[in-house]
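J.: I'd like to ask you about the structure that follows.
Nothing in this text is a laboratory measurement; each read-out follows from the coordinates by a stated rule. Bear in mind the structure is a predicted one, so any value in this text is a computation, not a measurement.
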Amino acid sequence: MIKPILFALSLVALTTATTVTAQNNRQRTRATANNTYYQRQNHLLDSVISRYIELDAQESRSSYMSGDNPADDLYEGAWGTSGVNANRVEVSEVPDSVVISCKGYVAPVIGSTTSHFGPRGSRNHYGIDIALHTGDPVGAAFDGKVRITRYDRGGYGYYVVIRHPNGLETVYGHLSEIKVFQGQSVVAGQTIGLGGSTGRSTGPHLHFEARFLGNPINPEKLFDFQENKAIADNYFLVKRNSFDWAYGGRSYRSSSNHRHSSSRGARYHKVRKGETLSGIASRYGVSVKELCRLNRLSRRSVLRPGQRLRCS
């Protein structure tokens, strides 16, 4: 009699355990299905959000790449092509302070600074000169749109002016060849021309300017030409400081570059492999004797790649 009872109890226990296990399995399956559903929904939502973010970024980027001009509101639609200063706003009309984004900057060319912004004899030098070899590629400093490509025999030579979404315009002078056309959209680092010595120039170099509403700013206030990067993500333009040349002041050199110059107007050259004293002297319009004197060298001195020479 006991054995049938134990058997019955065992059967009931087994049936109950089986039922509980089945219920647990169904619950786990349901939970897994729900979790998978929510994961898919979240993924779909993330994809939609990402897509809108991407589209928004594309729209903001292509607002000028597909027809509109960069910083069109700032320039009130002005897009003159008669020269570098075609759309210049008088300094007195420029806002007292403006934040200019320098994100996305790419150095137009890698080389030593041979001449700085500021007084040069009886005139002002509204950019900086960067050493290069004829034929070296010159790139756009930021994304933007080409406003001018032109030849100026007595000044810039072959030059390009690009307007950027941050409100700046950059000028690239003394090119041997122009690789873009007026109205063309370009991206930062894209080759816009080849280095040269056209126009009013004594040797191959890039004349590089940064202008806001047509008014030049010392590029060394925005960019570190030793490290080939922007000094900061944003440049805080204060009118009396940024356009000190217009207020009778003398433009300063950034502290990072000032330590490399022992006197105003000094030019320097970074030696490249295979260069000679005579070649460098010819490039900067000085004699080998003067070059040796400035650097305490002899005519038989061996030049090392990377060595820095004063050339004037």
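J.: Under 5 Å between amide hydrogens, which residues at least 5 positions from Ile192 or on another chain qualify, with H placed 1.01 Å from N in the peptide plane?
T.: So Ile192 has HN proximity to Val138, Gly139, Ala140.
J.: Kindly write out, for the stretch 226-232 in residue order, the coupling ³J(HN,Hα) from the Karplus curve 6.51 cos²θ - 1.76 cosθ + 1.60 (θ = phi - 60°), rounded to whole Hz, with x marking Gly and Pro.
T.: Computed from phi, the couplings for the stretch 226-232 are 7, 9, 6, 8, 6, 5, 8 Hz.
J.: A further question on this structure: If amide hydrogens are placed 1.01 Å from N in the peptide plane, which non-local residues have theirs closer than 5 Å to the one on Arg272?
T.: Gly306
J.: Restricting things to Cα coordinates, could you compute the convex hull volume per residue of the stretch 268-310 in Å³? List each step's numbers first, then the result.
T.: Numbers: hull volume 2.6 nm³, N = 43.
Dividing the Cα hull volume of the stretch 268-310 by its residues yields 60 Å³.
J.: Still on this model: What are the principal axis extents of the Cα atoms in the stretch 91-258, in Å, biggest first?
T.: Computed over the Cα atoms, the extents are 38, 35, 30 Å.
J.: How many angstrom lie between the Cα centre of the stretch 73-120 and the Cα centre of the stretch 164-179?
T.: 10
J.: In whole Hz, with x marking every Gly and Pro, tabulate ³J(HN,Hα) for the stretch 124-140 from phi via Karplus 6.51 cos²θ - 1.76 cosθ + 1.60, θ = phi - 60°.
T.: Whole-Hz 3J(HN,Hα) from phi for the stretch 124-140: 9, 9, 8, x, 10, 10, 10, 5, 7, 9, 4, x, 5, x, 10, x, 5.
J.: A further question follows. Which pairs in the list Lys145/Lys273; Lys221/Lys273; Lys239/Lys270; Lys103/Lys145 are over 26 Å apart, alpha-carbon to alpha-carbon?
T.: Values: Lys145/Lys273 36 Å; Lys221/Lys273 31 Å; Lys239/Lys270 34 Å; Lys103/Lys145 17 Å.
Pairs exceeding the cut-off: Lys145/Lys273; Lys221/Lys273; Lys239/Lys270.
J.: Would you grab the residues whose amide H sits under 5 Å from the one on Asp152? Only those 5+ places off in sequence or on another chain, please, with H modelled 1.01 Å from N.
T.: Gly157, Tyr158, Tyr159
J.: From the phi angles alone, apply the Karplus equation (6.51, -1.76, 1.60; θ = phi - 60°) to the stretch 287-295 and give each ³J(HN,Hα) in whole Hz, x where the residue is Gly or Pro.
T.: 3J(HN,Hα) across the stretch 287-295, in whole Hz: 7, 4, 4, 5, 4, 5, 5, 5, 10.
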